[in-house]
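Novice: What follows is a structure written as structure tokens; I'll ask about it next.
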Amino acid sequence: MAIAQVHSMTAFARVEQVAAFGSLQVEIRSVNQRYLEPHFRLPDTFRALEPVLRESLRQRLVRGKVECSLRFEAAEASQAPAVNIQRLKEIADALTAIQQQVPDAVPPTTLDLLNQPGVMATQHLDPETLQAAATQLFEQALDELIDARAREGTKLAEMIT
């Protein structure tokens with residue numbers, strides 16, 4: 001008589017991806033629980049993904065207390081500020097006009113210029129790219145978790161029989 005494959009409820013998976021936008025890390029832990037009880041810890045940038053990830057989890061697991069966490073660290077280049085030269089030239093032209101009208105006016109410092117609206121621009125990351133990468137990484141971590149549960153289940157079955 002063949003015994004159905006036993007799956008353990010306890011497992012852990014961690015996957016990481018480093019790309020041009022930065023690094024993503026997904027960790028999934030599961031322990032025994034009668035029903036499926038998922039918990040998610042996601043950065044604000046990825047909050048909109050929770051229903052999608054939760055549904056994927058429900059389609060592939062039926063029980064266990066499952067803790068899922070996602071960490072994101074943007075690449076240095078994606079956080080680097082950039083100077084909007086066109087906006088800076090517009091402000092410089094306005095300052096020249098002011099100097100001509102009010103010769104005694106104190107000129108602004110470089111820091112004053114950089115603090116003007118629109119002069120400094122931070123490069124923004126594409127949320128769709130980030131969310132697609134996070135979803136793919138979550139699926140990969142879920143695959144590894146299911147494999148780990150199966151391996152542990154096989155070991156348990158060998159111990160029992």
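The values are calculated or read from the model by the stated rules, or taken from the named source; none is laboratory data. Fair warning: this is a prediction, and the values are worked out from it, not measured in the lab. FYI the Cβ positions are ideal-geometry reconstructions off the backbone, even for glycines, and counts take in every protein chain you see.
Novice: Please name all residue pairs, on different chains or six or more residues apart, with Cβ atoms under 6 Å, provided the first residue is in segment 48-73 and is β-branched (V, I, T) and the second residue is crowded, with 17+ Cβ neighbours inside 10 Å and not in a helix (DSSP H, G or I).
Specialist: Pairs that qualify, where the first residue is β-branched (V, I, T) and the partner is crowded, with 17+ Cβ neighbours inside 10 Å and not in a helix (DSSP H, G or I), are V66/S30; V66/P38.
Novice: Could you list all residues from segment 1-27 that are of a type outside the set (G, A, S), within 22 Å of T129 (Cβ to Cβ) and surrounded by 15 or more Cβ atoms within 10 Å (Cβ to Cβ)?
Specialist: Passing the criteria: V15, Q17, F21, L24, Q25, V26, E27.
Novice: A13 fails exactly one of the following numbered conditions: (1) hydrophobic (A, V, I, L, M, F, W, C); (2) farther than 18 Å from I146 by Cβ; (3) not in a helix (DSSP H, G or I). What is the number of that condition?
Specialist: Every listed condition holds for A13 apart from (2).
Novice: Here's a follow-up. Here is a list: Q140, Q131, Q136, Q99. Which entry is surrounded by 10 or more Cβ atoms within 10 Å (Cβ to Cβ), over 30 Å from Q33 (Cβ atoms) and among the polar types (S, T, N, Q)?
Specialist: Q99
Let's see how each residue does on (1) among the polar types (S, T, N, Q); (2) assigned by TED's automatic domain parsing to the domain that holds A150; (3) modelled with pLDDT of 85 or more:
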position	(1), (2), (3)
A2	no, no, no
Y35	no, yes, yes
V52	no, yes, yes
Q59	yes, yes, yes
E90	no, no, yes
Q101	yes, no, yes
V106	no, no, yes
L114	no, no, no
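Novice: If you don't mind, there's one more thing I want to ask. Only one residue in A92, A97, A74 is among the aliphatic types (A, V, I, L, M) and under 30 Å from Q25 (Cβ atoms). Which one?
Specialist: A74
Novice: Turning to a different aspect of this structure: Checking E37 against (1) among the charged types (D, E, K, R); (2) surrounded by fewer than 13 Cβ atoms within 10 Å (Cβ to Cβ); (3) over 27 Å from V119 (Cα atoms), which test does it fail?
Specialist: Evaluating E37 over (1) among the charged types (D, E, K, R); (2) surrounded by fewer than 13 Cβ atoms within 10 Å (Cβ to Cβ); (3) over 27 Å from V119 (Cα atoms) leaves (2) as the failure.
Novice: Something else about it: Report whether or not Q136 is touching a Leu at 6+ places or on another chain (Cβ under 7 Å) and not aliphatic (A, V, I, L, M).
Specialist: no
Novice: Hey, E76 hits all of (1) closer than 30 Å to D147 by Cβ; (2) within 23 Å of the chain's Cα centre (by Cα) but one; which does it fall short on?
Specialist: Of (1) closer than 30 Å to D147 by Cβ; (2) within 23 Å of the chain's Cα centre (by Cα), only one is false for E76: (1).
Novice: Go through (1) at pLDDT 95 or above; (2) not assigned by TED's automatic domain parsing to the domain that holds T129 one by one and return the number of the condition V6 breaks.
Specialist: Every listed condition holds for V6 apart from (1).
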